[in-house]
Structures are given as C-alpha cells and as structure tokens.
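The values are calculated or read from the model by the stated rules, or taken from the named source; none is laboratory data. Every value quoted in this text rests on a predicted model; they were computed, and no experiment measured them. Cβ placement follows ideal geometry from the backbone for every residue including glycine, while neighbour counts extend to all protein chains displayed.
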C-alpha cells in the first residue's frame, strides 16, 4: 500500500469489479488503451482476475483510491513497463501524475530494474506530457504495434533510467 497526499494505492481486489468496469467500458477512457472498450462485465472480470492473481514479487498493479472511491489503476504487469488508466471524471486533476510518481519511486525501491518503460499511443498528448514531467525520455517509435478494434496503432516508448545514487533494495 502506498499513500500520497491525496491518494491511496493498494492492490486491486475482485470487489473493485464494478468500478473497473465503469472505466474499461468507456470509449473515452480506452481511446489509447491496447484493447477496445470492454463490452460486458464478464470481460472486465477476466481482465481483473488476471491482475489480482499476479505475483507482487514480479510486478504490481495498484488500484487508485481518492476519497474512498476507486478511480483508476497504475503500475506494471510486466516490469519494467508501467502505465495507468483513470476514470474520465478524474482527468485533468493531477491524479495520474501523483500516482505515477509514487509508483516510479516504489519500482526503483523494490525491483532490481535499471530503468522503467512506458508505451503510449503517439496521439496521446496528455500521457506524453505526463511522462516528460516525470523525467521519461522518448526511446523509440514503432509502427503497427497493437491492433485495436481492427485498426493498427503505433507506439512511442519512453524510458526512465534508475536515478544515480538510488540503489536497489533487493
């Protein structure tokens, strides 16, 4: 569990299913995601089940709570890659930055990685700005990396090296 100024980052649980589905079913939330919006609760249930059973020694996905409401997720399912998704009602309020900054610190403190990666759709200007603000740098561009709803999309890969002087705790 991680506490920030406004947020609680905790492991997701199956009881989060309604809130996750409310995010994952929304086209605006899934515009730059690697899959189309979830068409039904069962799709989100399978997705969530795969996240709650992951070994936290390998990677951690955090559910993000604000004032007792689960508003998104942040973390990585395959370290060193990290990412996030939030309910659109909570966009533009700095929650993604606050949560990602906490996860960056957590990752470098708990995993033996020399860098972190983030994969974004090149059209996602908000995520690009967020990653640059966190110190990530564009590493490379790749064409046709995901087929989402029958449309091939590109990826921009951003990298954040382990800060000098920040030793692995493992």
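The residue list 14, 100, 70, 30 contains one member that is modelled with pLDDT under 95 and either over 23 Å from residue 163 (Cβ atoms) or under 12 Å from the mean Cα position of the chain (by Cα) (or both), which is 30.
What's the total number of residues in region 1-15 that are buried (at least 19 other Cβ atoms within 10 Å of the Cβ) and assigned to a strand (DSSP E or B)?
As a first pass, look at region 1-15 and keep what is buried (at least 19 other Cβ atoms within 10 Å of the Cβ): 7, 9, 12.
Okay, now just the ones that are also assigned to a strand (DSSP E or B), so 7, 9.
Total meeting the criteria: 2.
Spot the failing condition for residue 112; the list is (1) out of contact with any strand residue (DSSP E or B) (no Cβ under 9 Å at 6 or more places or on another chain); (2) modelled with pLDDT of 95 or more, and only one is missed. For residue 112, the exception is condition (2). Among the residues that make up region 65-72, is at least one of them surrounded by fewer than 18 Cβ atoms within 10 Å (Cβ to Cβ) and within 20 Å of residue 157 (Cβ to Cβ)? Checking region 65-72: not a single residue is surrounded by fewer than 18 Cβ atoms within 10 Å (Cβ to Cβ) and within 20 Å of residue 157 (Cβ to Cβ). Only one of the numbered conditions (1) crowded, with 20+ Cβ neighbours inside 10 Å; (2) modelled with pLDDT of 95 or more; (3) in a helix (DSSP H, G or I) is not met by residue 160, and that is (3). Taking the numbered list (1) surrounded by fewer than 19 Cβ atoms within 10 Å (Cβ to Cβ); (2) over 27 Å from residue 109 (Cβ atoms) in turn, residue 54 passes all entries but (2).
Of the strands (runs of 3 or more DSSP E) contained entirely in region 16-107, those carrying at least 3 residues that are farther than 19 Å from residue 136 by Cβ fall at 61-66, 69-78. Assess whether residue 62 counts as being within 16 Å of the chain's Cα centre (by Cα), in contact (Cβ under 8 Å) with a residue 12 or more places away in the chain and more than 28 Å from residue 21 (Cβ to Cβ). No; evaluated as a whole, the condition is false for this residue.
Any chance region 133-156 includes a residue that's assigned to a helix (DSSP H, G or I) and touching a residue at least 12 places away in the same chain (Cβ under 8 Å)? Within region 133-156, one or more residues are assigned to a helix (DSSP H, G or I) and touching a residue at least 12 places away in the same chain (Cβ under 8 Å).
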